[in-house]
Structures are given as structure tokens and as C-alpha cells.
1. Compute the relative contact order of the chain as a whole-number percentage, counting only Cα pairs closer than 8 Å that sit 6 or more residues apart in sequence.
2. For region 135-211, state what percent of all Cα-Cα pairs lands in each successive 10 Å bin, counting from 0 Å until the bin that includes the largest distance.
3. Taking only pairs that are 8 or more places apart or on different chains, how many Lys pairs in region 39-122 have Cα atoms under 18 angstrom apart?
4. In debye, nearest 20: dipole of the chain around its Cα centre with unit charges on the Cβ of K, R (+) and D, E (-)?
5. Going by amide H atoms built from the backbone, whose H comes under 5 Å of the H on Ala165, apart from near neighbours?
6. With the convex hull built on the Cα atoms of region 1-59, state its orientation-averaged projected area in nm².
7. Net charge near Ala63, counting Lys/Arg +1 and Asp/Glu -1 over other residues with Cβ under 14 Å of its Cβ?
8. Looking at region 1-149, what % of the alpha carbon pairs are farther apart than 21 Å?
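Just so it is clear, none of the values below were taken in a lab; they were calculated from the coordinates. Everything numeric here is computed off the predicted structure, so don't read it as measured data. Cβ coordinates were reconstructed from backbone atoms using ideal geometry, including for glycine residues, and neighbour counts include every protein chain displayed.
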Amino acid sequence: MTRTFFVGGNFKMNGTLDSIKGIVENLNQAQLDPKTEVVISPPFPYLLWAKEHLKAPTVSVSAQNVYDRDAGAFTGEVCVSQLKDVGAEWVILGHSERRHVLKESDEFIASKTKYALDKGLKVIFCIGETIDERKADQTMAVNQRQLDAVISKLDKADWEKVVIAYEPVWAIGTGLAATPEDAQSVHAEIRAYIAKKVDQSVADKVRILYGGSVNGKNAPTFNDKKDIDGYLVGGASLKPEFIDIINSRQ
Ligand code: PEP
């Protein structure tokens, strides 16, 4: 089963119009691996600018959040139609910062995921355990619990528009990436769980990204891991080495 390699750049709450112009220009000037699907996720105010200025057909734009209502009195929230209106094709949901800093529940994230998919966005769905959960041998229990919330809401066809990002919380922004072996072992378990709870063909097709301190140097070390289908990149997506990560399979 060939799954298109996928590299996402999550800019988080970083950047200015000037710095985002620089990142987009970098992407436009680089020789990008044509076999890699790239999705960049700038903060909301820069989505339209990024969409209008990106040149490579392999690069698209993602939002970092969305609400599960069409429109109305929800101050501070953004709806799917507005994201599509400014050219976003994807949205990141379930990121650990939304789970742990903003206290979003599994249920709320799952509801937003189903809503976004029904209204025509594709979803980068993030899961991952904290360091305490890992130490307590709860890694798969936590990942399964976070997956269960969406599995119960999604139809089989929905999974074609979902990419799973396994992001151990202890590896995000710490410089301490999981070893390729550890990441592969969790990815294989996630794929097996999807096969068991959803369907074997969905499990064969769904892309599972690794996220957590990926950089230009360590990205190639994951290359021979058969269940790692790409990366979700935070800090390094703001730097020129993002191109090296995109091209890390070449
Ligand atoms: C992320 O925010 O999704 C992430 C993986 O961050 P970093 O690459 O900085 O660890």
C-alpha cells in the first residue's frame, strides 16, 4: 500500500505578515519533492495571504482550529465556511495545546472533527500521551481513548479525509524527539487499532504522521519506518530547514 508522504507545518501562534511572507517565498523558490504533500498552517489572519501567494501545486493551507457551528453568536470562533472562503482545505484538530492548555475534551474535538469533515474540510487529527501517561504505561490506552471519540462519530468514508498525527506531548517543542523505533512501534499499534475498530482497508490507507521535535537533521532517520507516513512539524516549520524535512525522502 503506497501512502503519499505528508509534511504539515504548524506555525502555532507565531509569525507576522513579514515572516510568513518569507516562509511562503522560501517554499516558492525551493525545489520541493513533487511526491510529498505539504500543508502549512499559519495563524488565521495569514491564511488568505498564504493561499493567494503559494505557487507549488503540492502545497495547501490549513487552519489551526474550527468551531462546530455554521455561523452566529460565538464570539472569537471561526466556522468551516469562513475557512473554505479564504482557501483553507485542512484544519488541525486535537492538538495537545488545544487539549491541555485550552482544555478541549475528547468529545468536543470529535464533534468538531465530524463537523469539519461533513462541511468539506480535511482534518489533521492529533493524538498523543503526556510523559506521566507514558511512564505509567498508558501510551496506547490514551491514544486509543482519543481515537475512540472520533471512531464513534466517523463513517468509513470520512477516513479518506483524515490524517492522524501521533504527537507524544513530551516530544513537542522539547527538542527530544521520539526515537524512530519508538515512534514506529506506536504507529503500528495505532494502525492495528484502526484496523480492529474501523476497517482493514481504512487502516491500510490512513496516513499516520509523527510529530514532536522533527527537524532537518532527524527527519531522514525515520525514513525506513513503514508506518510513518510523514511529519507534523512545529518549530522547524518556521525555519528554512522545513524544506529539508519536506525533501527528506529524496
Ligand atoms: C507541533 O506543534 O505539532 C509540533 C510537533 O511541534 P514541534 O515540532 O516544535 O515539536
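1. Numbers: 471 pairs, mean separation 52.8, N = 250.
Answer for the chain is 21 percent.
2. 17, 53, 25, 5
3. Final tally of qualifying lysine pairs is 9.
4. Dipole magnitude for the chain comes out near 240 debye.
5. Here the answer is Phe125, Cys126, Ile127, Leu209, since their amide H atoms fall under 5 Å of that of Ala165.
6. Numbers: hull surface 17.0 nm².
Convex hull of Cα atoms, orientation-averaged projection: 4.2 nm².
7. +3
8. 50 percent
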